[in-house]
Amino acid sequence: MPPKTAFSSSSNADLQRRSRLHVWHPCTQSIRLEAVPPLPIARGEGVWLFDQEGRRYMDATSSWWVNLFGHAHPAINDALKQQLDTLSHVMLAGCTHAPAVELAERLSALTGLALGHCFYASDGASAVEIALKMSFHFWRNAGRSGKRRFVALKQGYHGETLGALHVTDVPVFRDAYAPLLANAHLVASPDARNARAGEGAADVARRAAAELEALLAEQHDTIAAVIVEPLVQCATGMAMHDPEYLLLVRALCDRHGVHLIADEIAVGCGRTGSFFACEQAGIWPDFLCLSKGISGGYLPLALVMTRDAIHDAFVDDDAARSFLHSHSYTGNALACRAALATLDLFESEDALRRNRDRAARLLQRLRDGLEGQHADHLRQRGMITAFDVREPGARFAERFHLAARAQGLLMRPIGNTVYLMPPYAIGDGEIDRLVDGTLATLKATMETNPKEGTHDVALA
Ligand SMILES: *Cc1c(COP(=O)(O)O)cnc(C)c1O
């Protein structure tokens with residue numbers, strides 16, 4: 001018989017062994033579990049995670065980009081404890097509650113009421129599904145049911161349910177399921193690394209937009225929406241682009257009668273420097289998807305914000321013209337309360353302004369340290385900093401991840417891209433430690449570069 005509640009006293013090895021037996025880990029090649037056993041995390045505090053035996057690791061990926069103000073933040077903890085004693089969950093069909101109402105109000109206020117309505121969901125991929133369905137359904141209600149295809153960017157990532165996966169361009173996630181997926185149009189990524197000699201990021205943006213323009217001019221009658229990750233395509237290696245791209249895409253969508261869906265699941269909530277990434281281009285999309293950081297990294301919560309005019313096109317006696325989509329945990333009260341406490345922290349901690357100083361310190365120290373190393377394309381947008389490693393060798397991401405553990409850092413490169421996306425709670429001393437640890441990890445990883453080996457494992 002396995003022990004029933006003995007998790008607090010388990011050793012690292014014991015939890016790792018039991019995890020292998022019964023937990024099917026996400027985004028993990030199970031065959032590598034022996035070589036790369038999962039870190040058994042017992043607790044978190046600020047930017048730190050502690051394993052079962054008390055060893056600590058800095059959460060340099062914000063736990064897959066969800067954590068904003070650190071683990072076990074006292075203010076979020078207090079808000080959740082209060083909410084727990086009041087209401088944990090009630091269905092949002094036929095009922096409503098203060099946390100869901102207040103969160104929708106405050107988020108629309110952050111868009112200057114441009115996006116006045118908020119539809120709740122649970123995970124990021126479900127928000128993408130909702131935005132795709134809403135866009136198609138809006139056109140159908142408008143008598144344009146031929147508009148049913150979507151345009152996505154090369155290197156884009158929007159989640160892994162079938163609808164979200166069909167607009168995702170990551171072969172390792174997509175290829176096995178290709179027979180199940182609808183066909184999306186894929187257009188050029190505005191990735192600034194694609195600059196030709198003499199070009200800047202804005203030139204790449206204009207070239208990419210020109211390709212979209214040609215497609216929309218020809219096929220807008222059958223296209224419902226364009227979906228983009230504003231400013232940073234995170235999952236394919238922190239590909240960054242010039243805000244001008246968003247401005248151009250907004251104008252093209254307006255001109256051709258096509259919706260713009262901004263997937264801000266990773267880049268929203270201040271990660272790129274402004275609360276919404278779209279603000280840096282001075283535009284609003286027709287649908288904006290949020291998840292990951294919105295609950296402070298505490299609970300699964302996602303939402304799709306849209307214009308009142310789009311919402312109003314579904315207000316109809318006819319059920320077929322209404323948006324009847326639902327998830328059981330839609331608008332979960334605990335998750336909404338965590339989100340409200342998170343929004344409070346943006347104000348009380350003056351987070352966006354202080355993040356500018358944090359980002360500047362991190363970039364400067366990293367730039368100095370990477371001089372003469374095997375690194376290209378050092379880049380930063382807000383609290384996302386990344387560089388690409390030249391001649392990484394086999395299984396680079398995995399080797400780097402393991403070497404980082406030895407430095408007390410939790411990092412997961414994407415292919416040959418090393419990125420630093422720490423929680424906003426990171427202090428100056430911790431920034432220095434993160435940079436020093438990253439450089440030491442890079443050195444150690446390159447020293448153990450195997451001359452040959454199997455194909456790279458794209459840890460994400
Ligand atoms: C993570 C992510 C998603 C999917 O969110 P899940 O909560 O993992 O389903 C969608 N789009 C982007 C841009 C993401 O980074």
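The values are calculated or read from the model by the stated rules, or taken from the named source; none is laboratory data. Keep in mind that this is a model prediction, so the values were computed, not measured. Heads up, the Cβs are rebuilt from the backbone with ideal geometry, glycines too, and the neighbour counts pull from every protein chain shown.
For (1) touching a Lys or Arg at 6+ places or on another chain (Cβ under 9 Å); (2) at pLDDT below 95; (3) crowded, with 21+ Cβ neighbours inside 10 Å, each residue gets a yes or a no:
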position: 390; (1), (2), (3): no, no, no
position: 408; (1), (2), (3): yes, no, no
position: 416; (1), (2), (3): yes, no, yes
position: 419; (1), (2), (3): yes, no, yes
position: 427; (1), (2), (3): yes, no, no
position: 440; (1), (2), (3): no, no, no
position: 445; (1), (2), (3): yes, no, yes
position: 459; (1), (2), (3): yes, yes, yes
>> Just to check your reading of the model, which residue among 192, 164 is within 16 Å of the ligand (Cβ to nearest atom), at pLDDT 95 or above and within 22 Å of the chain's Cα centre (by Cα)?
In response: 164
>> Taking the conditions exactly as written (over 21 Å from residue 272 (Cα atoms) and either within 16 Å of the ligand (Cβ to nearest atom) or more than 18 Å from the chain's Cα centre (by Cα) (or both)), does residue 302 satisfy them or not?
In response: no
>> So the check is Cβ under 9 Å with 6+ separation or different chains; which pairs have a first residue in the stretch 267-278 that's farther than 8 Å from residue 383 by Cβ and within 12 Å of the ligand (Cβ to nearest atom) and a second one that's at pLDDT 95 or above and among the acidic types (Asp, Glu)?
In response: 267/229; 277/229; 277/264
>> Show me the strands (runs of 3 or more DSSP E) entirely contained within the stretch 179-290 in which 3 or more residues are crowded, with 23+ Cβ neighbours inside 10 Å.
In response: 223-228, 259-263, 287-290
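Condition first: farther than 28 Å from residue 205 by Cβ and in contact with a helix residue (DSSP H, G or I) (Cβ under 6 Å, 6 or more places away or on another chain). Can you find one or more residues in the stretch 136-147 that meet it? Let's see the steps before the verdict.
Step one: list which residues in the stretch 136-147 are farther than 28 Å from residue 205 by Cβ, which gives 137, 140-146.
Add one more test, that the residue is in contact with a helix residue (DSSP H, G or I) (Cβ under 6 Å, 6 or more places away or on another chain), and what stays is 141, 146.
Yes; the residues of the stretch 136-147 include at least one that is farther than 28 Å from residue 205 by Cβ and in contact with a helix residue (DSSP H, G or I) (Cβ under 6 Å, 6 or more places away or on another chain).
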> Are there any pairs with C-beta distances below 7 angstrom linking a residue in the stretch 174-186 that is under 18 Å from residue 214 (Cα atoms) and in the same structural domain as residue 155 (by the TED database) to a residue that is modelled with pLDDT under 95 and surrounded by fewer than 11 Cβ atoms within 10 Å (Cβ to Cβ), with the two at least 6 apart or on different chains, and if so which?
Replying inline: none
> Of the numbered conditions (1) at pLDDT 95 or above; (2) surrounded by fewer than 20 Cβ atoms within 10 Å (Cβ to Cβ); (3) touching a Pro at 6+ places or on another chain (Cβ under 9 Å), residue 352 satisfies every one except a single condition; which is it?
Replying inline: (3)
>> Given the condition assigned to a helix (DSSP H, G or I), touching a residue at least 24 places away in the same chain (Cβ under 8 Å) and of a type in the set (Val, Ile, Thr), answer yes or no: does some residue in the stretch 141-160 qualify?
In response: no
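Residue 76 - would you say it is away from the ligand (no atom under 16 Å from the Cβ), farther than 30 Å from residue 278 by Cα and within 23 Å of the chain's Cα centre (by Cα)?
Judged against the criteria, residue 76 is not a match.
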>> Filter the stretch 154-169 down to the residues that are more than 13 Å from residue 183 (Cα to Cα) and either surrounded by 19 or more Cβ atoms within 10 Å (Cβ to Cβ) or of a type in the set (D, E, K, R) (or both) and list them by number.
In response: 154, 155, 156, 157, 158, 159, 160
> Quick check: anything in the stretch 85-104 under 30 Å from residue 362 (Cβ atoms), buried (at least 20 other Cβ atoms within 10 Å of the Cβ) and in contact with a Ser or Thr (Cβ under 6 Å, 6 or more places away or on another chain)?
Replying inline: no
> Within the group 119, 138, which residue is away from the ligand (no atom under 16 Å from the Cβ) and either farther than 23 Å from residue 242 by Cβ or under 21 Å from the mean Cα position of the chain (by Cα) (or both)?
Replying inline: 138
> Within the stretch 296-396, which strands (runs of 3 or more DSSP E) (wholly inside it) include 1 or more residues that are of a type in the set (Lys, Arg) and in the same structural domain as residue 439 (by the TED database)?
Replying inline: 375-381
> If residue 288 satisfies every condition in (1) away from the ligand (no atom under 16 Å from the Cβ); (2) under 21 Å from residue 147 (Cβ atoms) but one, which is the exception?
Replying inline: (1)
> Can you name the condition, by its number, that residue 183 falls short on among (1) over 24 Å from residue 26 (Cα atoms); (2) within 16 Å of the ligand (Cβ to nearest atom)?
Replying inline: (2)
